[in-house]
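Participant: The structure is given below, and queries will be raised subsequently.
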């Protein structure tokens, strides 16, 4: 069984730490790996997520809330589900409510969350929980104003689930990237799940 033997910080910034991991593989061979991790994340293999991704469904309109924001590591605007970092002392539900409001202006009912999962484990140990929320569309005849931080550049979209593939294709044609989690969501919808 492989185990981490040592972690060394190569660089630690405000949000990200670049670490060198030394581990012993299942054959007993000592190996190394580089990892980019959230500074606010729980210890490697922990159960506390460092971020929450929010699927916010607007009912009865059968729409979802998406955001477009510039992501410097990708070098382009990205189409994503709303998401954000878990602040110290917060639980998943509190983070989901706060981030949905800050990024989109919407408020909704928290339905459930998943256990933390990993979207790019070959690069990072960041664990992200999925929070599912429901928004009463009747409360929002007009899109609310978001409350983004000064450093954020977020545009909010209400997208009909039935038009999601078309919306994504339009955004990609315009040069935007699309978060792989959104592609996964669309694929599951197209497969009837």
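The values are calculated or read from the model by the stated rules, or taken from the named source; none is laboratory data. As the structure is a computational prediction, the values presented were derived from the model and not from experiment. No Cβ is skipped: glycine too gets one built from the backbone with ideal geometry, and neighbour counts run over all protein chains shown.
Participant: Here is a check on your reading of the model: is residue 76 in contact (Cβ under 8 Å) with a residue 12 or more places away in the chain, closer than 21 Å to residue 179 by Cα, touching a helix residue (DSSP H, G or I) at 6+ places or on another chain (Cβ under 8 Å) and assigned by TED's automatic domain parsing to the domain that holds residue 162?
Facilitator: Judged against the criteria, residue 76 is not a match.
Participant: Pull up segment 176-193, narrow it to residues that are farther than 14 Å from residue 79 by Cα and touching a residue at least 12 places away in the same chain (Cβ under 8 Å), then point me to the one that is nearest to the chain's Cα centre (by Cα).
Facilitator: 189
Participant: Taking into account only those residues within segment 154-175 that are surrounded by 12 or more Cβ atoms within 10 Å (Cβ to Cβ) and more than 26 Å from residue 109 (Cβ to Cβ), which is farthest from the chain's Cα centre (by Cα)?
Facilitator: Taking the candidates together, the pick is 170.
Participant: In addition: Tally the residues that are more than 13 Å from the chain's Cα centre (by Cα), closer than 30 Å to residue 4 by Cβ and surrounded by fewer than 14 Cβ atoms within 10 Å (Cβ to Cβ), restricting the search to segment 104-131.
Facilitator: Total meeting the criteria: 4.
Participant: Right, another one. How many residues does segment 87-130 contain that are touching a helix residue (DSSP H, G or I) at 6+ places or on another chain (Cβ under 7 Å), in a loop (DSSP other than H, G, I, E, B) and at pLDDT 95 or above?
Facilitator: Residues that pass the stated criteria total 3.
Participant: So residue 34 passes all but one of these: (1) touching a strand residue (DSSP E or B) at 6+ places or on another chain (Cβ under 9 Å); (2) outside the structural domain of residue 167 (by TED's automatic domain parsing); (3) not in a strand (DSSP E or B). Which condition number does it fail?
Facilitator: (3)
Participant: In this structure, is residue 82 out of contact with any strand residue (DSSP E or B) (no Cβ under 7 Å at 6 or more places or on another chain) and closer than 30 Å to residue 165 by Cα?
Facilitator: no
Participant: If I filter segment 22-30 for residues that are touching a helix residue (DSSP H, G or I) at 6+ places or on another chain (Cβ under 8 Å) and either surrounded by fewer than 19 Cβ atoms within 10 Å (Cβ to Cβ) or part of a loop (DSSP other than H, G, I, E, B) (or both), do I get at least one hit?
Facilitator: No, because not a single residue in segment 22-30 is touching a helix residue (DSSP H, G or I) at 6+ places or on another chain (Cβ under 8 Å) and either surrounded by fewer than 19 Cβ atoms within 10 Å (Cβ to Cβ) or part of a loop (DSSP other than H, G, I, E, B) (or both).
Participant: Among the listed residues 169, 173, 143, 165, which satisfies the condition of being in contact with a helix residue (DSSP H, G or I) (Cβ under 7 Å, 6 or more places away or on another chain), over 24 Å from residue 16 (Cα atoms) and either free of Cβ contacts under 8 Å to residues at least 40 places away in the same chain or assigned by TED's automatic domain parsing to the domain that holds residue 18 (or both)?
Facilitator: From the options 169, 173, 143, 165, the qualifying one is 165.
Participant: With respect to the numbered conditions (1) outside any strand (DSSP E or B); (2) touching a residue at least 12 places away in the same chain (Cβ under 8 Å); (3) surrounded by fewer than 17 Cβ atoms within 10 Å (Cβ to Cβ), which one is the sole condition not fulfilled by residue 134?
Facilitator: Among (1) outside any strand (DSSP E or B); (2) touching a residue at least 12 places away in the same chain (Cβ under 8 Å); (3) surrounded by fewer than 17 Cβ atoms within 10 Å (Cβ to Cβ), the lone unmet condition for residue 134 is (1).
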